[in-house]
Ligand code: GDP
């Protein structure tokens, strides 16, 4: 592993596409939010696994807003990358766009940040390679992800007092 056990964002990031089918629909005929969340967790988990090089589990999913409906027949584009890495956990961001394959119009329908923990063979949290942000965009996302991590910890501390 290069640079003392660190990895670049580009080594694990990926973009995946999925055709939205009738089986993805809610009772109104639009795509069910839960279906989108499942695809999002799937792509984010693959990115986490690629960065960690070992099994990872979903530890938390931040609030997700759905900005616009996704329709059956749209192509869902899921762009996922690692934004921040701690000792055994990491934040993966996913940007979701719905593309109309006829007009080629793409709509940003949601973004979310998910936290994964890497596990060793005994199911215990296990250290992972550090993240080496290279581009200005990656460095900005790293800083923003660290700020989100602190907010999550503060929220956990408040909830633990109840
Ligand atoms: P941002 O976090 O402020 O950049 O908000 P966005 O909604 O643009 O993106 C959400 C997350 O999706 C980012 O934090 C990245 O982790 C990931 N992401 C965004 N754009 C791309 C892209 O072009 N490729 C990949 N692989 N991931 C992306």
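Please treat every number below as a calculation from the coordinates, not as lab data. Quick caveat, the model's predicted, so the values are computed rather than measured. Reconstructed Cβ throughout: ideal geometry from the backbone, glycine too, with neighbour counts over all protein chains shown.
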Q) For residue 67 and residue 108 in one chain, what is 0.36 nm times their gap in residues minus the Cα-Cα distance, to one decimal in nm? A) 14.0 nm
Q) Tell me, how many Å apart are the Cα centres for the range 136-162 and for the range 45-80? A) 18 Å
Q | Top of 109, 23, 15 by mean-square fluctuation, Gaussian network on the chain, Cα under 10 Å | A | 23
Q: For the chain, just the Cα set please: Rg and Dmax, both in angstrom.
A: 16.9, 53
Q. Thinking of the range 1-86 as a set of Cα atoms, what percent of all their pairs are more than 14 Å apart?
A. 68 percent
**Q.** Per-pair calculated FRET efficiency, R0 = 25 Å: residue 58 and residue 155 via Cβ, rounded to 0.05
**A.** 0.90
(Q) With 10 angstrom as the radius, rank 113, 71 by how many other C-beta atoms surround their C-beta, starting from the fewest. (A) 71, 113
Q | Percent RCO, i.e. relative contact order, over the chain, from Cα pairs under 8 Å lying at least 6 residues apart | A | 26 percent
Q: Could you work out how far helix 136-160 tilts from the main Cα principal axis of the chain, as a 0 to 90 degree angle to the nearest 10?
A: 80 degrees
